[in-house]
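All of the numbers you see were taken from the coordinates with simple rules; none came from a lab. Keep in mind that this is a model prediction, so the values were computed, not measured. So basically every Cβ, Gly included, is an ideal-geometry build from the backbone, and we count neighbours across all protein chains shown.
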Amino acid sequence: MTIKNVEQLRASQCVPCEGGIPSLSPAEVSRHLGQLQGWTLVPNGTRIRKEWIVKNFQEGIEFFKRVAEVSESEGHHPDLHLVEYRLTVIEIWTHAIGGLSENDFILAAKIDEIPIVLKQKNNHSPG
């Protein structure tokens, strides 16, 4: 399988998957992950995950709305988690095969283009 760079992933469309295809090999997953910033493989190797700490609860909800729009247009739907009111977590995998396909990396690349307002880091030292 040819591994697409991030621009090629963003220009691609997810292909409907009803199962019956193998998930990507660990080597293919590793090469795909190398094209993305901040996405990690979950310990069992069947999903990719990324976390952001957003400015506030409302920004988390707004970000998820924008993710939902992209996901609907791709016909590929991630798990969305909002934890402790501003930790946003997205996990992606191809449900029909119980593992990872190129669709997952296409969607991740497109999610990375969505605007998000992050919590500002506190640069002041105590005291």
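Miscellaneous remarks
So that you can scan it fast, the table gives a plain yes or no per residue for (1) among the small types (G, A, S); (2) farther than 25 Å from I116 by Cβ:
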| site | (1), (2) |
| --- | --- |
| C14 | no, no |
| G20 | yes, yes |
| S23 | yes, yes |
| R31 | no, yes |
| Q37 | no, no |
| V42 | no, no |
| E51 | no, no |
| A68 | yes, no |
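- Restricting L80, L100, L107 to residues that are surrounded by 13 or more Cβ atoms within 10 Å (Cβ to Cβ), in contact with a helix residue (DSSP H, G or I) (Cβ under 6 Å, 6 or more places away or on another chain) and farther than 19 Å from F63 by Cα narrows the list to L100.
- Residue in the stretch 71-84 that is of a type in the set (D, E, K, R) and closer than 24 Å to K121 by Cα present: yes
- The listed residue being more than 25 Å from S30 (Cβ to Cβ) and without any contact (Cβ under 8 Å) to a residue 12 or more places away in the chain, out of E69, E59: E69
- Count - residues of the stretch 64-106 that are hydrophobic (A, V, I, L, M, F, W, C) and more than 15 Å from C14 (Cα to Cα): 7
- Figure legend. Inter-residue proximity from the stretch 23-50: first residues without any contact (Cβ under 8 Å) to a residue 40 or more places away in the chain, second residues of a type outside the set (A, V, I, L, M) and surrounded by fewer than 11 Cβ atoms within 10 Å (Cβ to Cβ), beta-carbon distance below 6 Å, spacing 6+ or different chains. No pairs are indicated.
- Checking each residue in the stretch 4-20 for being assigned to a loop (DSSP other than H, G, I, E, B) and crowded, with 16+ Cβ neighbours inside 10 Å picks out K4, S12, C14, C17.
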